[in-house]
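Undergrad: Here's a structure for you.
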Amino acid sequence: MQRQTLQRTAIETVFAEAGRPLAPREILAGAQGRVPSLNLATVYRTLKRLIADRKIAPVTLPGETPRYELRAAADRHHHHFRCDRCDSVFDLEGCVEGLERLLPEGFRMTDHDIVLYGFCSACRA
Ligand SMILES: [Zn+2]
Ligand SMILES: [Zn+2]
């Protein structure tokens with residue numbers, strides 16, 4: 001297999017196994033076990049290609065550098081939880097009903113974004 005394909009496959013596997021949005025340094029840490037020659041520049045280059053091929057999508061939490069998630073996850077309406085201690089981001093299932101109640105009279109909501117913060121189960125222990 002070509003080196004480029006090898007790197008790409010390793011990174012795609014890391015995403016599939018994580019099942020949550022990943023920061024480039026997390027992707028590097030996960031994929032280096034398979035492709036030891038990998039570095040952060042290669043990770044960024046591969047991420048760019050995966051975005052262009054619509055395999056992954058960026059996840060941008062307020063005030064933070066982008067993380068990335070699989071397109072299949074991104075296409076499903078969901079929200080995120082960010083751990084204050086380890087900085088990991090997790091997918092949340094479901095949504096909140098009745099957000100329209102927060103709107104001032106005469107307003108119409110077209111979209112919403114929700115991020116929950118706290119401690120993940122590993123950090124809480
Ligand atoms: Zn945590
Ligand atoms: Zn929602």
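The values are calculated or read from the model by the stated rules, or taken from the named source; none is laboratory data. Quantities reported herein were computed from a predicted structural model and do not represent experimental measurements. So basically every Cβ, Gly included, is an ideal-geometry build from the backbone, and we count neighbours across all protein chains shown.
Undergrad: Go through the range 84-105 and count every residue that is β-branched (Val, Ile, Thr) and either out of contact with any strand residue (DSSP E or B) (no Cβ under 9 Å at 6 or more places or on another chain) or at pLDDT 95 or above (or both). Outline the logic, then answer.
TA: Of the residues in the range 84-105, the ones β-branched (Val, Ile, Thr) are 89, 96.
Filter once more, keeping what is either out of contact with any strand residue (DSSP E or B) (no Cβ under 9 Å at 6 or more places or on another chain) or at pLDDT 95 or above (or both): 89.
Qualifying residue count, the range 84-105: 1.
Residues checked against (1) of a type in the set (A, V, I, L, M); (2) under 15 Å from residue 115 (Cα atoms):
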residue: 12; (1), (2): no, no
residue: 35; (1), (2): yes, no
residue: 45; (1), (2): no, no
residue: 70; (1), (2): yes, no
residue: 78; (1), (2): no, yes
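Undergrad: When the residues of the range 71-105 are narrowed to those that are within 27 Å of residue 124 (Cβ to Cβ) and among the basic types (Lys, Arg), which ends up nearest to ligand 1 (Cβ to nearest atom)?
TA: Only one residue fits best here, namely 85.
Undergrad: Going by what's in this entry, would residue 121 be described as within 16 Å of ligand 1 (Cβ to nearest atom) and surrounded by 10 or more Cβ atoms within 10 Å (Cβ to Cβ)? Explain how you work it out, then say what you get.
TA: Working: within 16 Å of ligand 1 (Cβ to nearest atom): yes; surrounded by 10 or more Cβ atoms within 10 Å (Cβ to Cβ): no.
In short, no.
Undergrad: From the list 88, 121, which residue is over 27 Å from residue 46 (Cα atoms), away from ligand 2 (no atom under 16 Å from the Cβ) and either polar (S, T, N, Q) or within 11 Å of the chain's Cα centre (by Cα) (or both)? Break it down into steps so the answer makes sense when it comes.
TA: Details: 88 fails: over 27 Å from residue 46 (Cα atoms).
Only one candidate qualifies: 121.
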